[in-house]
1. Report the convex hull volume per residue for segment 342-578, counting only C-alpha atoms, in Å³.
2. Cα-Cα over 27 Å: which of 18/450; 115/201; 112/450?
3. Tell me the Kirkwood radius of segment 1-96: reciprocal of the mean inverse pair distance over distinct alpha-carbon atoms, in Å.
4. Rounded to whole Å, give me the distance from the Cα center of segment 288-346 to that of segment 39-75.
5. Distance between Cα centroids, segment 460-490 to segment 496-574: provide it in whole Å.
6. Determine the sum of side-chain charges near residue 79: Lys and Arg each +1, Asp and Glu each -1, restricted to other residues whose C-beta is under 13 angstrom from that of residue 79.
7. Tell me the chymotrypsin sites (Phe, Trp or Tyr not before Pro) within segment 371-415 that lie in a loop according to DSSP and have at most 15 other beta-carbon atoms within 10 Å.
8. Return one quarter of the surface area of the convex hull spanned by the alpha-carbon atoms of segment 101-160, equal to its mean projected area, in nm².
Amino acid sequence: MSPAASAMTLTDKHKVAKILEEIAGLLEIQGENRFKCLAYVNAARAIEEFQGDLLEAAREGRLKGLKGIGQVLADKLTELITTGRLEYYDRLTAALPPGLLELLAVPNLGPKKIKVLYDRLGVASLGELEYACVENHLVELPGFGKKTQDNILRGIWQLKRHRGQHLYSEAHPVAEELLAALAACPAVQQQAIAGSLRRHKEVVKDIDLLASSEDPAAVMGHFVALSLVEKVEAQGPTKATVALTAGMRADLRVVAPEEFPYALQHLTGSQEHNTALRGRARELGLKLNEYGLFQGERRLPVASEADLYARLGLAYIPPELREDRGELEAAAEGRLPELLQEEALTGAFHNHTTWSDGAASLEEMVRAAQALGWRYIGISDHSQAAAYAGGLQVERLRQQQSRIDELNRQLEGITILKGIEADILPDGSLDYDESVWQSFDFVIASVHSKFKLPEEEMTRRVLRVMENPYATMLGHLTGRLLLARDSYPLDLGAVIAAAARHGVLIELNANPQRLELDWRYWRQAAEAGVMTSINPDAHNTESLRHVRYGVGIARKGWLTAAHVLNTRPLEEVRALLARRRPSGSQPAPSRSATTPRGR
């Protein structure tokens, strides 16, 4: 920058060129003619190639002479360079959802494709685009296809490497790999994941690791030399911070073996839980910190976190509950619940196949569920209103259900339940006739459109669908996409109360980009008598395993096996699914050859 430049100028030619390129992209997304878009692309190239002082050239009116830059563009460039802002650019960005600008940075994705995605699927942010790719929604769009979808998804992952927050599902496998690498160090005696990842927060900033050793220098040397480490950002005798090749940061603390339980409790957090726990220690005449529990100057020996909590007169508090939301009081009074375990799950309901927008066939999904030890699997492809996702018209639905009957006669050890994920239309209605609803074992009712309705209208929409006796459960209730899209406005208190009144389940959607209902609401729902089902929202065989993420959120929400439908044996599941249906409208048994009745 020249001495004459001020803080209000923009003289970095790369940044100026980037803004011109973004203007070209925004114009193309808005449908402007290609020549106008191309003018900004050419101007960006001219600025990149410019060798002189940009500020000086702008002030002296010499930009017009650059190749491809006429008077109109020169005036805009002068405004941008001399003031640091461009009103025209601000107007363009304000006219479109802010996330669309972010999409321009995705490799393998240009403005034309962004326009198609926005117009056809309503994709307006990076997270929404990733979700659409994972759910296979781009394959049938004009100009896309499977290969393009895969390339875009790789581009998203490349872009996300430089972000500061990460989904639990992205960070936890990396943390486990680091933990295994630590365990291979001979100097390490104990090792553990700590921090928000151990508490199963749905979004984390980094990975916290703890190890105990008599030789911390050896552990530090081993850790910073791991192939997973891209850059060492800080290193001391007992602590290191590194940037990982996976695009996230990790912190390692090394403590003496006798300090390990105290440090693990402290580093797991949360800060609010730790503050409350220190307060309880003070009430008992003790002092608690990351180095120990002290009576005067004497550290009280403990062998584990459970011993530490017992010293404070508390039952062991699982990491997921350590959020200062009543867990200390419950632990003191013996009221902590026996939290759900993944092994308790006997099946799941929200699963898609190639009959709509899934990537695996019906047979492949069933075999994968069987390999997981499930006793049943619910198939819930999209209903006919979801044309964007290959929603099933009645005739195709009949064909699918006939195939399910055939498979149920052939297979041993697993039962396929017939379901559908039905769009909740804006007025709260669903999109088949009653004769079709009678053919299902269960119906998941979900909002997939019109997210911006006012809270009162959205709430009325969801309340109305629960009056339909065929609506078994509400799918991904609040519509959020983690790190991508906020929940739509909804009176959750009213919805939970209505679900309890009508006997409608609220699913815990285990898709790692959703993980909703948010864990903060599950105690309220459970106390109101609402049952849940932990559903993977699977679109391929591997994502059936997403139920593990749902279990973590259920545990954070204080849920036990008794609160979760898909911990029950099949016959009890059938009875609970059918309890709201009108008498005489029970579906045909899944092992018969009966097909749905026509319209």
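Read-outs throughout are calculated quantities, based only on the coordinates presented, and are distinct from any laboratory measurement. Since the model is a prediction, treat every value here as computed from it, not as a measurement. Cβ atoms come from the backbone with ideal geometry, glycine included; neighbour counts cover every protein chain shown.
1. Looking at segment 342-578, the number lands at 110 Å³ per residue.
2. Violating the 27 Å limit, Cα to Cα: 18/450; 115/201.
3. Kirkwood hydrodynamic radius for segment 1-96: 13.4 Å.
4. Measuring centre to centre over Cα atoms gives 65 Å.
5. Cα centres, segment 460-490 to segment 496-574: 14 Å.
6. So the environment of residue 79 carries a net charge of +1.
7. Hits after loop and neighbour filter: nothing returned.
8. Dividing the Cα hull surface by four gives the mean projection, 3.3 nm².
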